[in-house]
Amino acid sequence: MDYAEFLEHDARLVILRALNAQVDGRLNETLLAAELDRFGYRRSREWVRTQLLKLAELGAVRNAQAGTVMIASITRAGADHVERRSVIEGIARPSPEA
């Protein structure tokens, strides 16, 4: 795996964790971009959308459009990955909690 791929896998985990922390499991791309920025991923809106589309392809999220904004919802498979009950290839594995 090259460095760019490593960063994408880690950013996808950041996205899933942010979604999993929400009561309804949903966030829009603007809020997800802000969360990624908090973890050092200062990326464009298009890059965030690309990650959301990949996460949907992997079955970890469902995406919907509200006007021009994409909204992601975590799936059971995505939550299981974050909670270390299963593994989805293409997303960094969460560290064990101390």
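In a DSSP loop and with at most 13 other Cβ atoms within 10 Å, the trypsin sites (Lys or Arg not before Pro) in the stretch 1-61 are Arg42.
Computed across the chain, the Kirkwood radius stands at 13.3 Å (inverse of mean 1/r, all Cα pairs).
Of the solvent-accessible surface of the chain, computed with a 1.4 Å probe and all protein chains present, 51% belongs to carbon and sulfur.
Remark: the Arg43-Asp2 segment gains 12.9 nm on full extension, using 0.36 nm per residue and subtracting the alpha carbon distance. Using the 1.4 Å probe convention, the accessible area of the chain works out to 60 Å² per residue with neighbouring protein chains retained.
For the stretch 46-60, backbone phi angles converted through the Karplus equation (6.51, -1.76, 1.60; θ = phi - 60°) give residue-by-residue couplings of 5, 5, 4, 4, 4, 5, 5, 5, 5, 4, 5, 4, 7, x, 8 Hz, Gly and Pro being listed as x.
The values are calculated or read from the model by the stated rules, or taken from the named source; none is laboratory data. These numbers were taken from a predicted model, which means no experiment stands behind them. For neighbour counting, all protein chains shown are included, and Cβ atoms are generated from backbone atoms with ideal geometry for every residue, glycine included. The area values use the complete protein model at the heavy-atom level, side chains included, leaving out ligands, DNA and RNA. Shrake-Rupley method; radii C 1.70, N 1.55, O 1.52, S 1.80 Å.
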